[in-house]
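J.: Supplied in structure tokens, the structure appears directly below.
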Amino acid sequence: MTKVLDKAQGIIVAGVGGQGAITLAQLILGAAWKSNYHCLQSEVHGMSQRGGAVNAHIVFDSEPVTSPTIMEGSADVLIGMEPLETLRYIHMVKKDGHIISSTSPLINMSTYPDESRVLAAIKEIEGVHLVDTDDVSKQLKNRHAGNVILLGMASTFLPMEHDLWNSIFEERFQIKGEKVIQKNIEAFAFGRNLINT
Amino acid sequence: MSKETKQIMAMGDEAVAHGAIDAGVKGVFGYPGTPSTEVFESAAIIIEGKNDGRIARWGANEKVGYEMALGASYAGNRSLVTMKHVGLNVAMDAFVNSGITGVHGGLVILVADDPGMHSSQNEQDSRYLADFSLIPCLEPSTPQETYDFTRQAYDLSEKLDLPILIRVVTRLAHARGPIDKIPTIPPVEMGIPTDNPDKKWVLIPANARIQYQKLRDKMPTVVNEMSAYNKIEYKDKKIGIIAAGMGRAYLDQLCQTEKQLTEHSRFDVCAYPIDNKALRKYATECDAVYVFEENYPYIEDQLIAFTNEAKIHGRRDDTVPMSGELDLLKLRKAFSLELPEAKSKPGINIPNRPPRLCKGCGHSDAFNNIQEAFKNIGVPDPRVFGDIGCYTLGTLPPYNSIQTTVEMGASLGMALGAGHVGMDPVVGLIGDSTFFHSGLTSLVSLAECKGNVNFIVMDNRITAMTGQQKTVAINIIEDIGKAVGLKDDQIHVLKPLPKNNEENVAQLEKIFSHKGPDLIIFRRECIEAYRKGLYKKLYPSE
Ligand code: SF4
């Protein structure tokens, strides 16, 4: 049964062009759609293939949704695929919102602040859940695991049914074969456990 | 949902493509430009899958795209032409006069505006250009409306004998959501016009005067027809709200949580021209009027023109900031509603992360060559007139190699002008797609220029920045150079690879020192497109 929501849910996915932020956002949008929620997603792209900051918003609700973007200070969940990008959107998250972030930096600019300062700043935030995606991807022997681990973590704060996610992976990665589907399901479960245990 | 309809997930841009194709469009034309590019691209994919005689072709620029669509309309087919807002400036001549000629097969123009300038040089509002041209405009606010409006626009276009402009903005063009689709109809075939008593298609003054008068006379019918899309609901008249496009989307969203807002009177604008009488009545009857529109104060200024300015609240009185996009926060502030409590910003400064040239992109080698050559011949503060494409990023460190970017093709025109008045050396730098779009006409005048004017074409044989679309022509730039009167020793083809650095720099030193015009072509594949295997796909005979 789909859970009836008392207000629209807003999720922001942030990353660097090429990291797969839009793809990750589409998985969440697909899950909201499959759960029969009204939903919209906003993405800004165009020049994003060249390493700039990228973000996508997903809004879903039991009631009709017409704004594809989330108001500053009201996102329920922020998923950051890179620590500096997570910090860039902190002000978009509501006071008691959740932040799921990778701690693995992507440094493609000379002005990138000192790594230790970035990590210190991110640890200070209330409601933050961190994971070293580079490290964990190595553990799981799955180079692409990072984003799905983040999604698994975030899913614990989302109203969709657990089983639904597996069917999303099956649909999305069908053309890539059973092995890829299983790898994703595994990474997702790993992420979920990081929060649930 | 009836069993006739099918729900799919689509971006606003894709919804336009589906709407047009489901309405029986036969020809899709355009020129790439963010955020409009995906309309053509998704139409092309759908068309490929259908194999029922429809076609999709990029034009060399928006004007050519527009003319192709108008020609297809003349030939009795429904057509679509897509462009970004500044592209409509390029197509303006065709656009305005197509209002005077009218259409045969339905003609729809998709224009994507870019409030907030996510990927543009300005935030011009296409509603003014539609107004100016007496061409009706539909403005959807969700992917579903985008689909419905586009589909309906074809009947409207044929009924009114006018092109219809569909105006979307970035947030809608790139908003993804479910849309309910109805079954597709096959391409409409009306045949070429037979009954042509007014010679409406030949705009010599004698005919144009008649056609123009007809257009003026038709406007009440047009207003009437378009007004069916606009909804006026009088409730509490202390406050009246007028909302259009994304202003409407944000207002509807806000009403979900702020039910008190639904007590106010409301005027929803989805189509232009707006019925002036209805607008005037609304403005007179409501004590205060709030206007939310994206993004110039277009409706607002009409209201101010016929009522007491003090009661109109919008961009003019700073209820909403004059520039930039609308959002939910701006609407909350306009109504003095409580603002959400956010997490506090981090204690450290977050530097921007602008997009950058792909690692190993030939443009970076070309910029290095140019800078080094300038240094070696003793030009301490080199200036390069630049243009619009990936290479515009050459303005950022470490290259700092582009000093102007104004509009498509400006690099070469500005370089010519600067050369004529004595600047030396002059460099105008442009990509191949932008060259075919608007640079060709400047090259025609290069040979007769006496100054040290150097045109550089960054030729990767693809429209790289917007996602690597096919360029209208390849491998002909040096021939064009010859055709316009440049000698062989004034045309230079260089390959921007790291290993060619020394050789390229030496060549450029000579060229920049030559006191006459030169054409330099930096030719190398876009590595992104190469990796995706696009060259083989787009130019199979190569
Ligand atoms: S997309 Fe192509 S042309 Fe553009 S920066 Fe990347 S490699 Fe260079």
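The values are calculated or read from the model by the stated rules, or taken from the named source; none is laboratory data. All values derive from a computational prediction rather than experimental measurement. Here the Cβ positions follow ideal geometry from the backbone for every residue, glycine too, while neighbour counts run over all protein chains shown. Calculation scope for accessible area: heavy atoms of the full protein, side chains included, ligands and nucleic acids excluded. Shrake-Rupley method; radii C 1.70, N 1.55, O 1.52, S 1.80 Å.
J.: Considering each residue of the stretch B:359-391, count those that are within 16 Å of the ligand (Cβ to nearest atom), surrounded by 20 or more Cβ atoms within 10 Å (Cβ to Cβ) and either part of a loop (DSSP other than H, G, I, E, B) or not hydrophobic (A, V, I, L, M, F, W, C) (or both), and give that number.
T.: Within the stretch B:359-391, residues that are within 16 Å of the ligand (Cβ to nearest atom), surrounded by 20 or more Cβ atoms within 10 Å (Cβ to Cβ) and either part of a loop (DSSP other than H, G, I, E, B) or not hydrophobic (A, V, I, L, M, F, W, C) (or both) number 11.
J.: Now a separate question. Tell me, which residue of the stretch B:392-405 that is more than 13 Å from the ligand (Cβ to nearest atom) and under 23 Å from A:SER110 (Cβ atoms) is surrounded by the most Cβ atoms within 10 Å (Cβ to Cβ)?
T.: B:SER401
J.: Need the failing condition index for A:GLY152 against (1) at the interface with chain B (Cβ under 8 Å from one of its Cβ atoms); (2) under 23 Å from A:HIS57 (Cβ atoms), just the number.
T.: Checking A:GLY152 against (1) at the interface with chain B (Cβ under 8 Å from one of its Cβ atoms); (2) under 23 Å from A:HIS57 (Cβ atoms), the one that fails is (1).
J.: Does B:GLY24 satisfy the condition of being touching a Pro at 6+ places or on another chain (Cβ under 6 Å), under 18 Å from A:LEU40 (Cβ atoms), open to solvent by less than 30 Å² (accessible area, probe 1.4 Å) and of a type outside the set (D, E, K, R)? Write out each step before concluding.
T.: Working: touching a Pro at 6+ places or on another chain (Cβ under 6 Å): yes; under 18 Å from A:LEU40 (Cβ atoms): no; open to solvent by less than 30 Å² (accessible area, probe 1.4 Å): yes; of a type outside the set (D, E, K, R): yes.
Considered against the rule, which asks whether it is touching a Pro at 6+ places or on another chain (Cβ under 6 Å), under 18 Å from A:LEU40 (Cβ atoms), open to solvent by less than 30 Å² (accessible area, probe 1.4 Å) and of a type outside the set (D, E, K, R), B:GLY24 comes out as no.
J.: Determine whether the stretch B:452-461 contains at least one residue that is within 16 Å of the ligand (Cβ to nearest atom) and in a loop (DSSP other than H, G, I, E, B).
T.: Yes, some residue in the stretch B:452-461 is within 16 Å of the ligand (Cβ to nearest atom) and in a loop (DSSP other than H, G, I, E, B).
J.: Scan the stretch B:495-542 residue by residue and report those that are away from every other protein chain (no Cβ under 14 Å), closer than 18 Å to B:SER364 by Cα and within 16 Å of the ligand (Cβ to nearest atom).
T.: Of everything in the stretch B:495-542, those that are away from every other protein chain (no Cβ under 14 Å), closer than 18 Å to B:SER364 by Cα and within 16 Å of the ligand (Cβ to nearest atom) turn out to be B:LYS495, B:PRO496, B:LEU497, B:PRO498, B:ILE521, B:PHE522, B:ARG523, B:ARG524, B:GLU525.
J.: For B:LEU215, indicate whether it is in the same structural domain as B:ASN308 (by TED's automatic domain parsing), of a type in the set (A, V, I, L, M, F, W, C) and either open to solvent by less than 10 Å² (accessible area, probe 1.4 Å) or more than 27 Å from A:VAL59 (Cα to Cα) (or both).
T.: no
J.: Something else now. Identify all residues within the stretch A:72-89 that are crowded, with 24+ Cβ neighbours inside 10 Å and either of a type in the set (D, E, K, R) or at the interface with chain B (Cβ under 7 Å from one of its Cβ atoms) (or both); write none if there are none.
T.: A:GLU82, A:LEU84, A:GLU85, A:LEU87
J.: Would you mind stating whether B:LEU446 is aliphatic (A, V, I, L, M) and either assigned to a helix (DSSP H, G or I) or outside the structural domain of B:ILE377 (by TED's automatic domain parsing) (or both)?
T.: Spelling it out, it is not the case that B:LEU446 is aliphatic (A, V, I, L, M) and either assigned to a helix (DSSP H, G or I) or outside the structural domain of B:ILE377 (by TED's automatic domain parsing) (or both).
J.: Oh, and also: Spot the failing condition for B:LEU337; the list is (1) within 12 Å of chain A (Cβ to nearest Cβ); (2) closer than 22 Å to B:SER119 by Cα, and only one is missed.
T.: Result: B:LEU337 passes all but (2).
J.: Residue check: is B:LEU429 within 16 Å of the ligand (Cβ to nearest atom), away from chain A (no Cβ under 14 Å) and crowded, with 24+ Cβ neighbours inside 10 Å?
T.: It is true that B:LEU429 is within 16 Å of the ligand (Cβ to nearest atom), away from chain A (no Cβ under 14 Å) and crowded, with 24+ Cβ neighbours inside 10 Å.
J.: While we're on this one: Quick one: count up the residues across the stretch B:232-267 that are outside any helix (DSSP H, G or I), more than 12 Å from every other protein chain (Cβ to nearest Cβ) and closer than 23 Å to B:PRO115 by Cβ.
T.: 5
J.: Need a quick list: helices (runs of 4 or more DSSP H) entirely within the stretch B:119-229 having at least 2 residues that are within 14 Å of chain A (Cβ to nearest Cβ). Please lay out each step first, then the result.
T.: Details: elements: B:126-132, B:143-160, B:170-173, B:205-227.
Passing ranges, in order: B:143-160, B:170-173.
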